[in-house]
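The values are calculated or read from the model by the stated rules, or taken from the named source; none is laboratory data. Not measured: the values here are computed from a predicted model. With ideal geometry, Cβ positions are generated from the backbone for all residues, glycine too; neighbour counts draw on all protein chains shown.
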Amino acid sequence: MSDYFVMRPAPTIESESAQGYMEIEDWDDVDGFEDWGRGTLAQQKPSNPVEIKAVPHDGYTGLPDELQDASVPLMSKSLKEAIEAAGVDNVRFLPVTLRNTETGTAYEYFAFNLVGLVAAADASKSKMFSFDGDFVGDTQIHDLEIDDSLAHGLLMFRLKEDFSAIIVHKSVKEAIERRKIPTVKFVRPEEYVAL
């Protein structure tokens with residue numbers, strides 16, 4: 001069994017009585033992050049301080065989720081500190097302000113560029129399909145099997161076969177769990193699905 005897990009956002013539901021959520025509008029007029037989610041050292045960077053809208057919906061009054069891996073990969077200060085404490089040293093950060101559109105509250109977040117693109121899927125055991133045949137970036141995956149030897153000891157990286165899969169070593173998972181960060185979850189590779 002692999003020592004690696006897939007780290008995923010786990011969106012907050014404030015309570016059973018309030019099923020609201022907070023939308024982080026990272027697609028809205030944010031330039032300079034075009035290559036931050038590819039696992040390589042980004043060649044682009046915003047030229048000005050970045051502020052991103054955080055829009056509460058359906059009466060949501062909680063905090064933004066601590067991880068978002070979309071147009072702008074984002075994590076909270078707490079999550080940043082947890083991965084750094086675990087010894088992860090291949091992530092570049094840029095401070096970003098999330099601004100609650102209803103209250104004006106500012107949240108300290110970081111755009112992150114995870115530098116580490118690793119073809120760590122065991123091709124003989126994983127179920128994978130590639131439309132273009134290169135198995136890079138957009139591979140469909142079911143029953144992923146990570147070959148730990150292909151990770152070369154990295155604590156955190158993006159899977160070359162599917163850029164959206166952030167792979168973390170169990171020591172990083174445990175460091176994050178000790179911080180009790182509720183909006184991050186860990187999936188065993190064999191339970192991960194990318195369509």
Next on the checklist: Suppose we filter 152, 169, 142 for residues that are modelled with pLDDT under 90 and under 17 Å from residue 1 (Cα atoms); which single one remains?
Outcome noted: 142
Item to check | Residue in region 62-78 that is farther than 24 Å from residue 168 by Cβ, of a type in the set (D, E, K, R) and either modelled with pLDDT of 95 or more or part of a loop (DSSP other than H, G, I, E, B) (or both) present | outcome: no
Checklist entry - Looking at region 1-22, which of its residues are at pLDDT 90 or above, farther than 16 Å from residue 164 by Cβ and surrounded by 14 or more Cβ atoms within 10 Å (Cβ to Cβ)? => result 22
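Quick one: would you say residue 108 is among the charged types (D, E, K, R), at pLDDT 95 or above and outside any helix (DSSP H, G or I)? Can you show your working first?
Details: among the charged types (D, E, K, R): yes; at pLDDT 95 or above: yes; outside any helix (DSSP H, G or I): yes.
Against the criterion (among the charged types (D, E, K, R), at pLDDT 95 or above and outside any helix (DSSP H, G or I)), residue 108 qualifies.
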Checklist outcome for this item: Per the list (1) over 20 Å from residue 163 (Cβ atoms); (2) in contact (Cβ under 8 Å) with a residue 60 or more places away in the chain; (3) part of a strand (DSSP E or B), residue check on residue 95 breaks on (2)
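Each row is one residue, and each column tells you yes or no for (1) surrounded by fewer than 16 Cβ atoms within 10 Å (Cβ to Cβ); (2) within 22 Å of residue 153 (Cα to Cα).
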| position | (1), (2) |
| --- | --- |
| 25 | no, no |
| 73 | no, no |
| 89 | yes, yes |
| 101 | yes, no |
Item to check | Within region 46-97, tally of residues that are of a type in the set (Asp, Glu) and touching a Pro at 6+ places or on another chain (Cβ under 6 Å) | outcome: 1
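Which residues, counting only those in region 20-52, are outside any strand (DSSP E or B), over 15 Å from the mean Cα position of the chain (by Cα) and in contact (Cβ under 8 Å) with a residue 24 or more places away in the chain?
Here is the first cut: in region 20-52, the residues outside any strand (DSSP E or B) are 20, 25-49.
Keeping just the survivors that are over 15 Å from the mean Cα position of the chain (by Cα) gives 20, 25, 27-32, 34, 41-49.
20, 25, 27, 28, 30, 41, 42, 45, 46, 49 - these are the residues of region 20-52 that are outside any strand (DSSP E or B), over 15 Å from the mean Cα position of the chain (by Cα) and in contact (Cβ under 8 Å) with a residue 24 or more places away in the chain.
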